[in-house]
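To keep things clear, I will list the structure first and then write my remarks on it.
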């Protein structure tokens, strides 16, 4: 609410009077900044919000299109690989090779980690006395 729009009230001990707001001077009326009407300011704010929303929408749509193109490219590659696998299976069956067994092993393959490098070797002694003897012979 504009404080200049309301009249000011001066209280004096004998009388109360209403003081009108000061008018702008001549130069201020000619060259001064005019207040923007409230309804236009709100409309301009809505236009800015709408513009920002449209920009975000365009960016997300282009990103979605790129992702969709990449998905279709990968789907085409998967279908190519499946057809290649079917052809190789057919050739293997024609040559009487055990391709079904090889395929089953490859599809159900579980990785067994080779822990021979990380596994500790069993100690060559059963007591610390034996260990001392081994160290003494090794250093002597």
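The values are calculated or read from the model by the stated rules, or taken from the named source; none is laboratory data. None of these values were measured; they are calculated from a predicted model. Cβ coordinates were reconstructed from backbone atoms using ideal geometry, including for glycine residues, and neighbour counts include every protein chain displayed.
Quick test for you: out of 59, 22, pick the one residue that is at pLDDT below 75 and either over 30 Å from residue 99 (Cα atoms) or surrounded by 10 or more Cβ atoms within 10 Å (Cβ to Cβ) (or both).
Working: 59 fails: at pLDDT below 75.
Within the list 59, 22, the selection yields 22.
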- Message: Taking the conditions exactly as written (at negative phi, at pLDDT 70 or above, out of contact with any strand residue (DSSP E or B) (no Cβ under 7 Å at 6 or more places or on another chain) and not in a helix (DSSP H, G or I)), does residue 33 satisfy them or not?
- Response: yes
- Subset of segment 126-140, residues loosely packed, with under 10 Cβ neighbours inside 10 Å and assigned to a helix (DSSP H, G or I), comes to 128, 129, 136, 137, 138, 139
